[in-house]
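The values are calculated or read from the model by the stated rules, or taken from the named source; none is laboratory data. The structure displayed is predicted, hence computed values, not measured ones. All Cβ positions, glycine included, derive from the backbone under ideal geometry; neighbour counts span all protein chains shown. Heavy atoms of the whole protein, side chains included, go into the accessibility calculation; ligands, DNA and RNA do not. Shrake-Rupley method; radii C 1.70, N 1.55, O 1.52, S 1.80 Å.
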Amino acid sequence: MTSLASGAARPLFVSDLDGTLLRPDGTLGARTVRVVNDLIAAGGLFTYATARSFTSASRVTAGLNLELPVITYAGAVIVDPRSGRPREAAILPGEVVRAVQLATAAAGSVQPILFAMHAGRDRVCWLTERSTSFVEAFLSRRRDDPRLFPLSSWAQIEDDSVFYISLIGEHEQLQRLRTQLRADLPRCHVVLTEDVYTPGEYWLELTSLTGTKAVALNTVQVEVQADRLVCFGDNHNDLPMFEIADVSLAVANATPKVRRAATATIGGNAAEGVAEWLALNTQLGS
């Protein structure tokens, strides 16, 4: 059990959001809100690391009294949760961005969504004339998102402003594209995973080698002077932070690969397993 008393060990607790801290419907449970806020009020160190943007993540975590920097876009952007101010993004190599643009120009069935810093903020960019049903489904869930920035040409944004790329489609489509891009992929961090809310919908996600959850967590851990790292996760983009964690905890609904990589498996997200573990292991009670 971890003591939160002054002078004791100071672990940094870091949770993924979707599939981990959030319930299957994408919301925080009341117990999770209570336990995490009690942990923070007692002087505990807690933050999240998510593939979501801060725009999206801040909405679903509004009930949490977060103080530490949060990790968004799978590690590409660190944000102050109180001001919403992002730090400089970990930019993808321009060669990778151009390779994805060229490869998808020939493969109309899969089109990229580029996330770029443009006009002072993060933007969601796509080519309107080459949109796919998967891209349209993505956009339909974000109609009021201030980041949306439709393009008629990739020339409207700079290649060296792109920090995150998402390609959404069927598994076989994305595997073929991944093979086609194999010469360029060693220059970036790549994750292919199934969407936790839409079975059969897969995401091929690309970030800089310095834009991973592990790299971002190293930065935050040093800043907050934590002496241990305890991570919670469920999916493949959580594996980098599991590799550097002192304790890595997979929720019961995690993928088999994530469960195998974890120190232990805890309760699933439907049962608010992260909150249950924190309550039992940080002297917070239930």
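Tabulated values for the structure
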{"read-out": "Total residues in segment 1-17, condition open to solvent by less than 10 Å² (accessible area, probe 1.4 Å) and modelled with pLDDT under 95", "value": "0"}
{"read-out": "Selection count, segment 242-286, where residues are among the polar types (S, T, N, Q) and open to solvent by 50 Å² or more (accessible area, probe 1.4 Å)", "value": "5"}
{"read-out": "Test: Leu217 is modelled with pLDDT of 95 or more, open to solvent by 80 Å² or more (accessible area, probe 1.4 Å) and touching a Cys at 6+ places or on another chain (Cβ under 8 Å)", "value": "no"}
{"read-out": "Test: Trp203 is on the phi < 0 side of the Ramachandran plot, of a type in the set (Phe, Trp, Tyr), surrounded by 15 or more Cβ atoms within 10 Å (Cβ to Cβ) and in a helix (DSSP H, G or I)", "value": "no"}
{"read-out": "Selection count, segment 120-139, where residues are within 21 Å of the chain's Cα centre (by Cα) and crowded, with 19+ Cβ neighbours inside 10 Å", "value": "8"}
{"read-out": "Failed item, numbered, when Thr210 is tested on (1) β-branched (Val, Ile, Thr); (2) open to solvent by less than 40 Å² (accessible area, probe 1.4 Å); (3) not in a strand (DSSP E or B)", "value": "(2)"}
{"read-out": "Of all residues making up segment 213-237, the number that are in contact (Cβ under 8 Å) with a residue 40 or more places away in the chain, over 27 Å from Gly26 (Cβ atoms) and in a helix (DSSP H, G or I)", "value": "4"}
{"read-out": "Condition check for Thr20: among the polar types (S, T, N, Q), assigned to a helix (DSSP H, G or I), closer than 24 Å to Glu272 by Cβ and open to solvent by less than 10 Å² (accessible area, probe 1.4 Å)", "value": "yes"}
{"read-out": "Among (1) open to solvent by less than 20 Å² (accessible area, probe 1.4 Å); (2) within 26 Å of Ile78 (Cα to Cα), the one test that Arg142 misses", "value": "(1)"}
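Every residue, every condition in (1) open to solvent by 80 Å² or more (accessible area, probe 1.4 Å); (2) in contact (Cβ under 8 Å) with a residue 24 or more places away in the chain; (3) in contact with a Leu (Cβ under 7 Å, 6 or more places away or on another chain), yes or no:
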site: His118; (1), (2), (3): no, yes, no
site: Ser166; (1), (2), (3): no, yes, no
site: Glu172; (1), (2), (3): yes, no, no
site: Leu181; (1), (2), (3): no, yes, no
site: Cys188; (1), (2), (3): no, yes, yes
